[in-house]
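In what follows, a single structure is set out as structure tokens and then discussed.
The values are calculated or read from the model by the stated rules, or taken from the named source; none is laboratory data. Everything numeric in this text was worked out from a predicted model, so none of it was measured. Heads up, the Cβs are rebuilt from the backbone with ideal geometry, glycines too, and the neighbour counts pull from every protein chain shown.
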Amino acid sequence: MALPIFAAIMTLMYYISVTTIGKELTDWVNDTLFGEIITDAATSGLEAIAAPEWLSSLLVDGIIGGVGTVLGFVPQIVLIFFFLSLLEDSGYMARVAFIMDRIFRKFGLSGKSFIPILIGTGCGVPAIMAARTIENEADRRMTIMLSTFIPCTAKSVIIGMITSTFFPDSVFIAPAMYFLGIAVIVLSGIALKKTEYFSGEVAPFVMELPTYHMPSFKGLMIHMWERSRGFIIKAGTIIFTACIVIWFLSKFNFSLEMVEEIEDSMMATLGNTIAWIFAPLGLGNWKSAVAVVSAEMAKEQAIGT
């Protein structure tokens, strides 16, 4: 019964965080807070000081529109991390790791790999760093290669966007993407174990199971904030910079003249140049190509673009 219970808990977590409460909060932040309140206030303030057109466009369309779109998914991210912190601090996730060891071992992975994979729900970088606790070199390298398949903060934003846009009434799309990540890890582990380098016995997994307990509210808030803070800081630095670059490319041509139609902009020209590369994926138009390239800086930036 352990796995069905785990699946039910994760489905409930994503149902609350992405499909219901999280969606309502995200819609309010996107449509009301950034779409009306902040945008209207900024527009009125800029008109009052007779700001030039380019400055108004930069602040309203570029910064508020771009960064605001990404920050709109903060409520979903905060809720996901709240529930993950609740499961971890209560001692439940340690038992999940113990259960997953029996499953992972059948496919050539150690239960120790589940800990970095779990950390990967926050960010892939600390997940890779956490793999250093695995003594067996082959298991450690395999874990490093596979841990980033699990949806991290950035991917959770993309999942939230896809679910909210295309499947607003679906309960299963968001958790299905989470379990798909685990399935890819398992299948990739099977494939890698067939190679000479990763073949051999899996290292034993020994851990002390903490007792179940009610986590403190303060501890939950600290863990939730520590994980969410990284996403907010990224939105205020990397995504902020990327939005300014995207705005500039979409508003000016190569003669540095402000254009009325985005089709005449530098971004359209550059996008049309590289669009053929993504055509086999069904992303053969310049807008999709630009969104994909901008996501190299941060996955969430694709939404802002």
Filter region 233-269 down to the residues that are of a type in the set (G, A, S) and outside any helix (DSSP H, G or I), then identify the one that is modelled with the lowest pLDDT.
S255
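Looking at E137, E53, E88, which one is in contact with a strand residue (DSSP E or B) (Cβ under 8 Å, 6 or more places away or on another chain) and over 21 Å from A235 (Cα atoms)? Walk me through it before giving the result.
On the way: E137 fails: in contact with a strand residue (DSSP E or B) (Cβ under 8 Å, 6 or more places away or on another chain); E88 fails: in contact with a strand residue (DSSP E or B) (Cβ under 8 Å, 6 or more places away or on another chain).
On inspection, the qualifying residue turns out to be E53.
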All-but-one check, D61 against (1) in a loop (DSSP other than H, G, I, E, B); (2) modelled with pLDDT of 80 or more; (3) charged (D, E, K, R), failing number (1)
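Determine, yes or no, whether S170 is surrounded by 19 or more Cβ atoms within 10 Å (Cβ to Cβ) and in contact (Cβ under 8 Å) with a residue 40 or more places away in the chain. Give the derivation first.
Working: surrounded by 19 or more Cβ atoms within 10 Å (Cβ to Cβ): no; in contact (Cβ under 8 Å) with a residue 40 or more places away in the chain: yes.
Taking the combined requirement at face value, the residue does not satisfy it.
Could you tell me whether region 223-230 includes any residue that is modelled with pLDDT under 90, among the basic types (K, R) and more than 19 Å from T305 (Cβ to Cβ)?
yes
Filter region 192-222 for residues that are in a helix (DSSP H, G or I) and of a type in the set (A, V, I, L, M); which is modelled with the lowest pLDDT? Outline the logic, then answer.
Narrowing region 192-222 to residues in a helix (DSSP H, G or I): 192-193, 217-222.
Next cut, of a type in the set (A, V, I, L, M) only: 192, 220-222.
Values: L192: 82, L220: 88, M221: 90, I222: 89.
Looking at residues that are in a helix (DSSP H, G or I) and of a type in the set (A, V, I, L, M), I get L192.
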May I ask you to say which residue of E47, E24 is out of contact with any strand residue (DSSP E or B) (no Cβ under 6 Å at 6 or more places or on another chain) and over 23 Å from G304 (Cβ atoms)?
E47
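Table: residues versus (1) modelled with pLDDT of 85 or more; (2) closer than 19 Å to F73 by Cβ; (3) not assigned by TED's automatic domain parsing to the domain that holds I80.
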residue	(1), (2), (3)
R140	no, no, no
M145	yes, no, no
T153	no, yes, no
S156	no, yes, no
S164	no, yes, no
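Suppose we filter region 264-284 for residues that are over 19 Å from K251 (Cβ atoms) and not β-branched (V, I, T); how many remain?
Applying the first criterion (over 19 Å from K251 (Cβ atoms)) to region 264-284 yields 274-284.
Now drop any that are not not β-branched (V, I, T), which leaves 275-276, 278-284.
Qualifying residue count, region 264-284: 9.
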Of everything in region 272-305, what is crowded, with 18+ Cβ neighbours inside 10 Å and free of Cβ contacts under 8 Å to residues at least 12 places away in the same chain? Give them in sequence order.
A295
Top-ranked residue in region 140-151 [being crowded, with 21+ Cβ neighbours inside 10 Å and touching a residue at least 40 places away in the same chain (Cβ under 8 Å); ranked as farthest from S294 (Cα to Cα)]
M142
Out of I49, I21, sole residue that is out of contact with any Gly (no Cβ under 6 Å at 6 or more places or on another chain) and surrounded by 13 or more Cβ atoms within 10 Å (Cβ to Cβ):
I21
